[in-house]
Amino acid sequence: MALRTKIPAKCPIEVLRAGSLAKIVWLAHGFSTRHGGVSQAYGGNALNLGFTTHDSRSAVENNRQAFASAVLARPADTQLKCGQVPWPIVTARQIHSDLIHFVSSRPDYPLAGDGLITRTPNLLLAVMAADCLPIMIVDTKQQAVGIFHAGWRGTLKRIAEKGAGELRRHFRSRPADMKAAIGPGIRDCCYQVGPEVREKFEGQFGYASSLFRETKESDEVRQKYPLLFLNQRAPGHGEHPEKIFLNLAEANRRQLIDAGISPQDISDLNRCTCCRPDVFFSHRAEKGMTGRMLAAVGVREIRNRQLSLVRLETDFKCRAFSTRRRWAAALPLRHPGAAKPDRP
Ligand SMILES: [Zn+2]
């Protein structure tokens, strides 16, 4: 389910939000559309957020500022005015990889990769897309976030599943505490791929067959004149499929579930960029002549965050202590009469 927030007055930017993430008070997140910016390219008044060859750098920078303000603004936020950029936007040069960067401050060198994670407040991690899927994972307990860019290549490399793994590795996140959101992107209504893509997925995922659907050019005729097709060929001797469509969102949802995230905790905005080039930038619908949208996520600094970090530290100490106690208690049973070994 998607929630829409329209920023009043001078910021006519529509920010799409995932219903389940919008309830988290310390979280800032949002998905852009193509409207409300200052780019003259791409039909004018476009919110192009990528430094493309058809748009000016200053327009994109203005658009990014406005989008960052719109993501951070909440209806109750009276202090935040449109046009301010309270948080830096952190992006990476996207290379359709499974590379994920842990970020704790604004990087002073360009990153290349397709995933960013942080627990540092006041940073907006963002990925660009114009058909590929933006995916967010949020650890509601450790107050950590991750954002990932998943085209078919990144999906094949399990970027979403690895993203959840990186949150576990860096922040000891538990899948039970994670919520995820799948943003606007090309859906299986429009995402035609070649047979080589299906072969690659079949080599990687046992459930690959459930991610693809086929249609034949003659399907419409077949439906209209079924009697013409009574003389079917023997199985295995039929026509080859003419069109193959990949369900990229389902592929990523399966990976999030494989990572241990409960299906109820995965929101899908279920919006097809290619079906709606009037709302979204779509690389395929616009044959490459298009802008870029951003999906952004960050951690708000809230007063009791310090308390929660203290609690976390205490938790770790308690865990370490209880591990030592368990080790000491188990020792006589495992090594009766042995000399006390070094602590592991
Ligand atoms: Zn579509």
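Given 157/216; 162/216; 23/162; 179/200, which pairs have Cα atoms separated by over 32 Å?
Details: 157/216 29 Å; 162/216 35 Å; 23/162 25 Å; 179/200 28 Å.
Pairs exceeding the cut-off: 162/216.
What FRET efficiency comes out for residue 224 versus residue 284 if R0 is 45 angstrom and r is the Cβ-Cβ distance? Round to the nearest 0.05. Walk me through the intermediate numbers first.
Values: r = 28 Å, r/R0 = 0.62.
It comes out at approximately 0.95.
Ranking 275, 189 by Cβ neighbours within 10 Å, fewest first, what do you get? Intermediate values should be presented prior to the final figure.
Numbers: 275 15, 189 12.
Neighbour counts put them in this order, fewest first: 189, 275.
Laboratory data are not the source of any read-out in this text; all were calculated from the coordinates shown. In this text, all values refer to a predicted model and were calculated from it rather than measured experimentally. Methodologically, a virtual Cβ is constructed for each residue, glycine included, from the backbone with ideal geometry; neighbour enumeration extends over all protein chains shown.
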